[in-house]
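The values are calculated or read from the model by the stated rules, or taken from the named source; none is laboratory data. Just so we're clear, the structure is a prediction, and the values are computed from it rather than from any experiment. Counting neighbours? That spans all protein chains shown, and the Cβs are built from the backbone with ideal geometry, glycine included. Side chains are part of the model used for accessible areas, which takes the heavy atoms of the whole protein and leaves out ligands, DNA and RNA. Shrake-Rupley method; radii C 1.70, N 1.55, O 1.52, S 1.80 Å.
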Amino acid sequence: MARKMIPRQEMPEQDPKERVNNFDEVPRAGFSAGARAASRCLQCKHAPCVKGCPVEIDIPGFIKRVKDEDFEGAIRHIKKTNALPSSICGRVCPQEEQCEEAARPRQEIRTGRYR
């Protein structure tokens with residue numbers, strides 16, 4: 001399927017009636033949805049998303065591994081330049097204003113959805 005034909009993938013969330021009774025994560029990241037969403041990445045030669053990242057994570061390299069369903073490889077790839085766990089960066093990083101904004105208008109990739 002062509003990149004532009006793949007719709008934006010929304011991250012499933014825990015139902016509000018369920019989450020009022022626990023402290024589990026609200027987002028329910030799904031591997032298959034992540035791999036589908038990763039297929040939207042253009043793999044730009046100059047990677048404006050990397051320039052928008054304060055720690056200059058190789059976002060295209062990470063997304064390629066997610067697309068290939070190499071999730072452990074994706075984690076190892078991020079840890080090459082960022083020692084913080086994804087549970088911290090995934091929560092505090094304003095990716096909408098950094099890497100995602102730098103990638104627009106060429107593409108709409110929600111990098112925060114892959115954490």
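Among the residues making up region 58-98, those that are open to solvent by less than 40 Å² (accessible area, probe 1.4 Å) and modelled with pLDDT under 80 are Cys89, Gly90, Gln95. Collect the residues in region 40-57 that are in contact with a Pro (Cβ under 8 Å, 6 or more places away or on another chain) and surrounded by 15 or more Cβ atoms within 10 Å (Cβ to Cβ), keeping them in residue-number order. Listed by number, the residues that qualify are Cys41, Ala47, Cys49, Val50.
Across region 33-87, the number of residues qualifying as farther than 13 Å from Ala102 by Cβ and part of a helix (DSSP H, G or I) comes to 24. Number of residues in region 99-111 that are at pLDDT 80 or above and open to solvent by 70 Å² or more (accessible area, probe 1.4 Å) equals 1.
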